[in-house]
Amino acid sequence: MPAEQERLAQIKSNLKRRAQIYDLAREFFRGRGFLEVETPVRVPVVAPEINIVPFESEGWYLAASPELHMKRLLASVYENIFQISHCFRKGERGRLHNPEFSLLEWYRAGANCMDMISDTEQLVTMLARKLRTGSIVNYQGQPIDLRLPWPRLSIKNAFIQSAGWDPVENYDAARFDQDMAATVLPGLEKGRPTVLTEYPAAAASLARLKAGDPQVAERAEVFIGGLELANAYSELTDLKEQWRRFTEEIKQIERQQGRKMKMPDSFIEAVGFMPECGGIALGMDRLAMLLCDAGSIDEVIAFTADNI
């Protein structure tokens, strides 16, 4: 059998399970009154983020996330929405990365980031039950207990325990990223999912700051089996603060990388009309990896950047 046919035959069962995951995820959200939406894949402007380099397309960009357009829908009285979309980011290729990847993103009016974490707990445990893996998922030789609730750990405590310093009090972006990858994540409990909470204000991104404690952001991330699975925000609805953050990010990108980014004006205008809400992005490729016991993203995608 030719090499490509052999490769695709070997991952057929994973691709069938991936299709089941998509079907069950859609049932999950529709059963809770969410509207499935579609937003553009090719866009004139993207959110300025120092760690994300977008693909250019004749002066426009391939979307790195559906976030900005989904929030414009939220600002127009679309209260509970979800989408499974293809996203694109330069320089992302490896065991856990492909330049084109799939995100499940959803937003809920009246919710906060921990409500979105609760949604994620319910979604993942439902999938495990329906796919007959039960409350224990075996991933790469490690049994993982999915029983609820999943353990929560603040970024402050995680870093003090594993790296010996407090990024909330003394934030250093380069040190934060390095220690997160080298010491904090490897130190998380292997047999349980972990929810990291209360990120430093400087790493808030598009999340609001915590009421009464502006040193931390209402942001949380889910990690299972060494996979960064989902990133949740209590969404920022302060137009002026969002403009300020993006302005600083645009300056930093030009200063450090020489790239000129535009302000996403239509999104900024919409921020002031958004309801208080929570939002979350979940990596569908990594979710499929977890539920297929796949060690590489190549085992759950038919055609990656290396074999298109």
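Nothing in this text is a laboratory measurement; each read-out follows from the coordinates by a stated rule. Note that the coordinates shown come from a computational prediction; the quantities given were computed from them, not determined experimentally. Positions of Cβ are backbone-derived with ideal geometry, glycine not excepted, and every protein chain shown enters the neighbour counts.
Between A211 and R42, the contour length at 0.36 nm per residue exceeds the Cα-Cα span by 57.2 nm.
What is the diffusion coefficient of segment 117-186 in µm²/s, taking the Kirkwood radius over Cα pairs and the Stokes-Einstein relation at 4 °C with a viscosity of 1.567 mPa s? Estimated via Stokes-Einstein, D reaches 91 µm²/s.
Contact order, relative form, for the chain: 23 percent (alpha carbon pairs under 8 Å, 6 or more residues apart, mean separation divided by residue count). When the chain is treated as a GNM with alpha-carbon contacts under 10 Å, the residue of E248, E198, E269 showing the greatest mean-square fluctuation is E248. Write out the chymotrypsin sites (Phe, Trp or Tyr not before Pro) in segment 60-166 meeting two conditions: DSSP loop, and at most 12 other Cβ atoms within 10 Å of their Cβ. Sparse-neighbourhood loop chymotrypsin sites (Phe, Trp or Tyr not before Pro): none present. Residue separation of R7 and R30 scaled by 0.36 nm, minus their Cα-Cα distance, works out to 4.8 nm of gained length. Between L131 and D166, the simple spin-label model (points 7 angstrom out along Cα→Cβ) gives 4.0 nm. Note on I50/N138: beta-carbon distance plugged into 1/(1 + (r/R0)^6) with R0 of 41 Å gives a FRET efficiency of 0.65.
The alpha-carbon of K260 sits under 13 angstrom from the alpha-carbons of these aspartates and glutamates, leaving out residues fewer than 8 places away in its chain: E49, E56, E248, E249.
Diffusion coefficient (Stokes-Einstein, Kirkwood radius over C-alpha pairs, 4 °C, 1.567 mPa s) for segment 5-45: 100 µm²/s, rounded to a whole number.
Once each of the trypsin sites (Lys or Arg not before Pro) sitting in a DSSP loop with at most 15 other beta-carbon atoms within 10 Å is removed, the chain keeps 191-258 as its longest stretch. In nm, what is the difference between 0.36 nm times the number of residues separating R245 and H86 and their Cα-Cα distance? That works out to 54.6 nm of additional length.
Could you tell me whether the chain comes out rounded, prolate or oblate from its Cα gyration tensor? Rule is a ≥ b ≥ c as square roots of the eigenvalues, rounded for a/c under 1.5, then prolate if a/b exceeds b/c, otherwise oblate. Here the chain falls in the rounded category.
Rounded to whole numbers, the Karplus 3J(HN,Hα) couplings from phi for segment 296-304 are 9, 4, 5, 7, 10, 10, 5, 10, 8 Hz, using 6.51 cos²θ - 1.76 cosθ + 1.60 with θ = phi - 60°, and x at Gly and Pro.
Averaging Cα coordinates gives a centre for segment 237-273 and one for segment 152-182; these two points are 26 Å apart. By the Stokes-Einstein formula, at 0.692 mPa s and 37 °C, segment 1-115 with its Kirkwood radius over alpha-carbon pairs has D equal to 201 µm²/s.
Over 24 Å apart at the Cα level, from the set K12/K90; K90/K130; K90/K251; K210/K262; K71/K130; K71/K240, are K12/K90; K90/K130; K210/K262; K71/K130.
Kirkwood radius and radius of gyration were both taken over the C-alpha atoms of segment 223-262, and their ratio Rg/Rh is 1.17.
Backbone N atoms of segment 59-98 closer than 12 Å to the 7 Å Cα→Cβ label point of D306 belong to residues 93-98.
Adding -39500 (n - 2.57) for every DSSP H run of four residues or longer, then dividing by how many residues the chain holds, sets the calculated 222 nm ellipticity at -10000 deg cm²/dmol.
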